[in-house]
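Everything below concerns the one structure shown next.
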Number of protein chains: 2
Amino acid sequence: MMSGRGVVNRLAMVIAAALGCAVAAAPLRAEDGYALWLRHAPLEGEALADLRAAAPVVVAPPGEDDSPTLKITRAELAQGLAAMQGETKLRATPDSLPIVLRCGRARGDGQSGFAIAPQAFAGRRALAISAPDHLGCLYASFALLREVALGRPLHAIRLGEAPAMPLRMLNHWDNPDGHVERGYAGRSIFDWWRLPERLDPRMIDYARANASIGINAVVVNNVNARAFMLEPRYIAKLKRLADAWRPYGIRVFLAARFSAPIEIGGLARADPLDPAVRAWWQAKADEIYAAIPDFGGFLVKANSEGQPGPQDYGRSHAEGANMLAAALGNRGTVIWRAFVYKAEDATDRTMQAFAEFVPLDGQFAKNVIVQVKNGPLDFQPREPFHPLFGAMPNTRLMLEVQITREYLGQASGIAYLGPLWQEVLGADTGRGGGVVAEVIAPVGMAGVANTGSDRNWTGTDFDQANWYAFGRLAWQPALSSEQIAREWAAQTFTRDPQALGTITEMMRASREHVVNYTGPLGLAHLMGTGHHYGPAPWVCDLPRPEWNPCYYHRADKDGIGFDRTARGSNALGQYAPAIAAQWADPASIDLRYLLWFHRLAWDAALPTGRSLWAELVARYDAGVAGVDAMAAQWGRLAGALDAARHAAVSADLAIQRREARWWRDASLAYWQSLNGLPLPEGAAPVAESLEAYQARNFPEAPGQ
Amino acid sequence: MMSGRGVVNRLAMVIAAALGCAVAAAPLRAEDGYALWLRHAPLEGEALADLRAAAPVVVAPPGEDDSPTLKITRAELAQGLAAMQGETKLRATPDSLPIVLRCGRARGDGQSGFAIAPQAFAGRRALAISAPDHLGCLYASFALLREVALGRPLHAIRLGEAPAMPLRMLNHWDNPDGHVERGYAGRSIFDWWRLPERLDPRMIDYARANASIGINAVVVNNVNARAFMLEPRYIAKLKRLADAWRPYGIRVFLAARFSAPIEIGGLARADPLDPAVRAWWQAKADEIYAAIPDFGGFLVKANSEGQPGPQDYGRSHAEGANMLAAALGNRGTVIWRAFVYKAEDATDRTMQAFAEFVPLDGQFAKNVIVQVKNGPLDFQPREPFHPLFGAMPNTRLMLEVQITREYLGQASGIAYLGPLWQEVLGADTGRGGGVVAEVIAPVGMAGVANTGSDRNWTGTDFDQANWYAFGRLAWQPALSSEQIAREWAAQTFTRDPQALGTITEMMRASREHVVNYTGPLGLAHLMGTGHHYGPAPWVCDLPRPEWNPCYYHRADKDGIGFDRTARGSNALGQYAPAIAAQWADPASIDLRYLLWFHRLAWDAALPTGRSLWAELVARYDAGVAGVDAMAAQWGRLAGALDAARHAAVSADLAIQRREARWWRDASLAYWQSLNGLPLPEGAAPVAESLEAYQARNFPEAPGQ
């Protein structure tokens, strides 16, 4: 035998080396972001010891009603609490802390809240979840898990919550062919083609994610709607979704094309006062309710950007909306968008919705909601709040925000939108209604979804935070966007306090960076045509004047900005006098809105001590520097979270750094071509020529 | 203290009930299909005991060269062998069986094979993997894991393999905007928009899956190409992919738009004999090779379906291809598609490629390959083999098949394509070259990919089998499609022999069902316009005659079928005389090709004893019954595999059952409207009117 000790030892060494290598090369199951903020990563240290010592179990008192919602509630609690102990199921011990579900009998409509508090059960210490309905208990269970995930000991949890507004809604701009308008996260999550037979399991995960943040309504299709989605084959598909989502408290709505009676009904007209048209919609509503008894209603974009509407027949928005409202009756709601503007109307585009809708105040049926975008233009990185808020006291107004980042970098880098939304929710309307959040409190809030079939749902990891923040703010606008950022990051990435501090700080500042490098000092709508990607302030040749960036910046050799004071378009006049007064004077206006409302000379002196031109350049530079800083901060977090997501976000930030420079340089090159001014001393030179920036071309840009 | 024994007992019972419920409701981590055939599910029973007893470890002899490919090889072996033991890493024991890698020094080009056999190592029993290059060792490692996964004991494994053809290639019809032409599995897996900064981890999983079945070349973009993919920004993106895929032995190719010198080069013409055009392509090739030294070359669709090409300048396909070949030089290959036909050419469409290309035989440069579809029409459920095979002895011919099921149900149900490809690979050309597999052996085989960003890659679970079968057949066309189905199913679903038998049988028959319910007896091209979804044999008004179903079936009150004999178009004359003779007589022709080559009266007597009409109806019915049978077989497999994928496939089959009936009924309703014949006794009536079938409309059908 040759196998002496030496050979065996050598073999053992080789094997050990081989094993070591194999293990080193073996990736763990990568974090791919699919679990969103519901990862329920195991706790660490004292928090873990506390939870294991509590050994919670979930208890529904005998005789309690059961329902699909309650089954889900129990399963979520049990799985989440087990996972955070590093286990796959709960283990009862003699000292187990019962978590007792005390849920009222009604199926919830998402309007009721819940309480979580210590309470005796069977003679021992327990934690009770109380809610008037089963859905309240589901909401409570997600709230409880969130608290535990944030490291709160079970015995210290006392919560009493109720939603601030009834409708907390996602609007999907998803087309039935799977394309998502302004979507940057892959194809639509809705697989209409294979419904109703095939229900993608993702549809359950989607409902669960929504329920975990209190979202209770979903418009499944694009406001630029296709009529055929009202055909029977689509009603069958929608019913499958409605049935799957019902236990999660989510009602389905459809975006309806106003001319559907012509396109699929065989009628010659869609005039809302035509009895045949009214009968067609009535029958259509009845057909939908026969399949989906809790169908939410219709969302309508009418007489806007080429969509048909009542004005095609000389009728008003109210006449159009009320006709559909009558078809729904007391079963559902019509949500009518106030996002309207006309090429042939020479009025400042930002003033047209107000001009059209305020005269209709009081004319809308009870079950009509008018949905108003946060600002008077179109989801820009920053706009003043929409003057309609507070100006239609006899109309149910709902806020529409955009979660998908059409104008804020799309799927590049990080732009946390909590601060943007908080800005509008907290805006004082200067009218009786109070701040915007108070105006919409009786109605609700809609967010244009940023979901897609990308594995991480939202294209980038940080865009999950925008979905999350939307739900949390619709539930409770008084939450601070920093708190929301922190709780999201803790559930999503890491509980390490230092890392959390860094991430929260990155998020807090991120949107302001985008404002700075794309449109500082109140500039807006300077992006590329069609796809809205990248800078194109030079564009001035589009057929509709108000589609041109030059319409908005009005820059020439003398100055820049849109005069919306009484000397100009007087958009200011649409605001309450107290608000208008704050903004009327360029010397005292919040600089965030300066060029939105005022046209100034390039050398105008600003309160900052700089000329307008120098201030503009400084803000562009601050935007670029801010993104650089985020990338550096993120770089230092390597090791604080999983490598897969760290690498993905690093790549996102690399793209954002490139794009921030491009925006800054292309914009400055263009402004310089008008004003002939040199860059202030110390400012980095522009990297390429204006012509080179103008020649860039992106026929394949996503989301259009 | 009130907590007497009774209360405690009651609490314990409640808790136990609650736990039981929670556990029952807790889903396991669902099988979502992402792992493809590389699941490496733990073995069971004796096979598991054998593997654990062998306790394999992976050993690379000291001094061996290392490379990224070898690192991957070791990691794959270690992870796969551990996973099949139910472990996360290998454990060495004193009796461990070393698996010794003996890999030659070259980076492989995918042409070399490998051997696996017992061999002594360090004086003990071992298993040796030998290959002339590192890629051969990677291929061997996947082969070894496959054998183990199929339950073969390590000590019994002896393999010697070499690929049957050099190029085993996927063609992606993926557009840079993420849309996949004829894709039914979601958006493109290629995220061009965020490359080069962001490399989706899926790109590694994709390369790994390809390597595991021997695929060694990928054309990343649609043959209907956009010129801008040749711009520098796309070369940088492609380089990132090439670098990521290189260790897996995958070379990248680009589909090139022939008119790119005009569109992105600023030239006025793209004439292949114009020196400026030649210089432009030469510089472009040099630019690509500077970034990607092993760039594979260009795939070109020229002068076909609206694509530009050399004929725009009065030049031949050979002149066009040779110009590009000169630009690539000895660095790469031009793959030139033979899929050409013209509206203005009155010749039978199926004859045009032959007529155009045969005269060019011998004129193509050495580094040009002509890529020929399996049949002379266009990827129909069944066609006779393409007559070009064997007819161009002085040209390098490559076979093109379609993995995505454009004409075979798209993402509905099950249609396993192994038998289809085996039919063409085994087709005797009747000429010197032998069967088609022999004709292409010196060159290769391309498959139009069916991948997308759906979680399961291919839209349905069973479509993974088509990707798998393509790779396996390109590696070794002599494998039987049944064997491939069985090994795929065993790795993908279950090793239970009875379940495996059922699944293999379902797969074996599935394509024939599709033939029967869509186009029996040699009928073809009867599908809906544009999207190619569903039946539309009545369509006869499209501007190009050869786009109309009526062009192909030629049915009227007297009969049906396309006379391609010498009395008709004489497409038969393009085949070798011995083959043509087999097919010339309707009395003796294989019935699979009957109406492809012959036009017959509805009451013609067939060798089956039935009239043509009765036989047609019987075949449609057999197709419907076959799908019903598959659904029933699959239903009985509940419990034999995971619930998630069982439910998904059940849904797929429910869709296919609906579609099979629709094809059968709509087709029969139309034939009856022509021939006025009743259905044979016992045949199920047609469910709806012809008008109802004709009115169906699918503007949102995917993949167009």
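The values are calculated or read from the model by the stated rules, or taken from the named source; none is laboratory data. The shown structure was predicted, so the numbers you read here are calculated from the model rather than taken from an experiment. Here the Cβ positions follow ideal geometry from the backbone for every residue, glycine too, while neighbour counts run over all protein chains shown. In case anyone asks, the SASA skips ligands and DNA or RNA and just uses the protein heavy atoms, side chains included. Shrake-Rupley method; radii C 1.70, N 1.55, O 1.52, S 1.80 Å.
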query = Do we have any residue at all in the range A:176-183 that's under 17 Å from the mean Cα position of the chain (by Cα), within 14 Å of chain B (Cβ to nearest Cβ) and not in a loop (DSSP other than H, G, I, E, B)?
reply = yes
key: Search result, residues across the range B:315-358 that are over 17 Å from residue B:272 (Cβ atoms), open to solvent by 30 Å² or more (accessible area, probe 1.4 Å), in a loop (DSSP other than H, G, I, E, B) and without any contact (Cβ under 8 Å) to a residue 60 or more places away in the chain   = B:342, B:344, B:345, B:346
Complete set of residues in the range A:359-389 that are among the aliphatic types (A, V, I, L, M) and open to solvent by less than 10 Å² (accessible area, probe 1.4 Å) = A:368, A:369, A:370, A:372, A:377, A:388
message = Please pick out the residue among A:245, A:173 that is more than 20 Å from residue A:70 (Cβ to Cβ) and either touching a helix residue (DSSP H, G or I) at 6+ places or on another chain (Cβ under 6 Å) or open to solvent by 10 Å² or more (accessible area, probe 1.4 Å) (or both).
response = A:173
ask   = If residue A:688 satisfies every condition in (1) open to solvent by 20 Å² or more (accessible area, probe 1.4 Å); (2) part of a helix (DSSP H, G or I) but one, which is the exception?
value = (2)
ask   = If you take the residues of the range B:77-97 that are of a type outside the set (A, V, I, L, M) and at the interface with chain A (Cβ under 7 Å from one of its Cβ atoms), which of them is most open to solvent (accessible area, probe 1.4 Å)?
value = B:89
key: Extreme residue, farthest from residue B:308 (Cα to Cα), among residues of the range B:223-251 that are touching a strand residue (DSSP E or B) at 6+ places or on another chain (Cβ under 6 Å) and outside any helix (DSSP H, G or I)   = B:250
request  = Taking the options A:657, A:645, A:696, name whichever one is within 30 Å of residue A:179 (Cα to Cα), within 14 Å of chain B (Cβ to nearest Cβ), charged (D, E, K, R) and in contact with a helix residue (DSSP H, G or I) (Cβ under 7 Å, 6 or more places away or on another chain).
outcome  = A:657
query = Only one of (1) open to solvent by 10 Å² or more (accessible area, probe 1.4 Å); (2) not in a loop (DSSP other than H, G, I, E, B) fails for residue B:488. Which number is that?
reply = (1)
ask   = How many residues are in a helix (DSSP H, G or I) and either facing chain A (nearest Cβ under 7 Å) or within 17 Å of residue B:146 (Cβ to Cβ) (or both) if we restrict to the range B:54-76?
value = 7
request  = May I ask you to list pairs of residues, at least six apart or on different chains, whose Cβ atoms are under 9 Å apart, with the first in the range B:482-507 being within 22 Å of residue B:144 (Cβ to Cβ) and the second being open to solvent by less than 10 Å² (accessible area, probe 1.4 Å) and among the basic types (Lys, Arg)?
outcome  = B:492/B:645; B:493/B:645
key: Yes/no for residue B:209 being under 30 Å from residue B:305 (Cβ atoms) and either open to solvent by less than 10 Å² (accessible area, probe 1.4 Å) or at pLDDT below 95 (or both)   = no
task = Sort out which residues of the range B:252-280 are touching a Pro at 6+ places or on another chain (Cβ under 7 Å), open to solvent by less than 20 Å² (accessible area, probe 1.4 Å) and assigned to a helix (DSSP H, G or I), and write them in order of number.
result = B:277
note = The residue that is least open to solvent (accessible area, probe 1.4 Å), considering only those in the range B:114-150 that are in a loop (DSSP other than H, G, I, E, B) and at pLDDT below 95, is B:122
query = Is it true that some residue in the range A:660-672 is within 14 Å of chain B (Cβ to nearest Cβ) and open to solvent by 40 Å² or more (accessible area, probe 1.4 Å)?
reply = yes
remark   = In the set A:468, A:552, A:517, the lone residue that is farther than 30 Å from residue B:190 by Cα and assigned to a helix (DSSP H, G or I) is A:552
message = Under 9 Å between Cβ atoms, which residue pairs at least 6 apart in sequence (or on different chains) link something in the range B:277-304 that is of a type in the set (Val, Ile, Thr) with a partner that is surrounded by fewer than 15 Cβ atoms within 10 Å (Cβ to Cβ)?
response = B:277/B:269
ask   = Of (1) open to solvent by 20 Å² or more (accessible area, probe 1.4 Å); (2) within 14 Å of chain B (Cβ to nearest Cβ); (3) of a type in the set (Gly, Ala, Ser), residue A:291 satisfies all except one. Which?
value = (2)
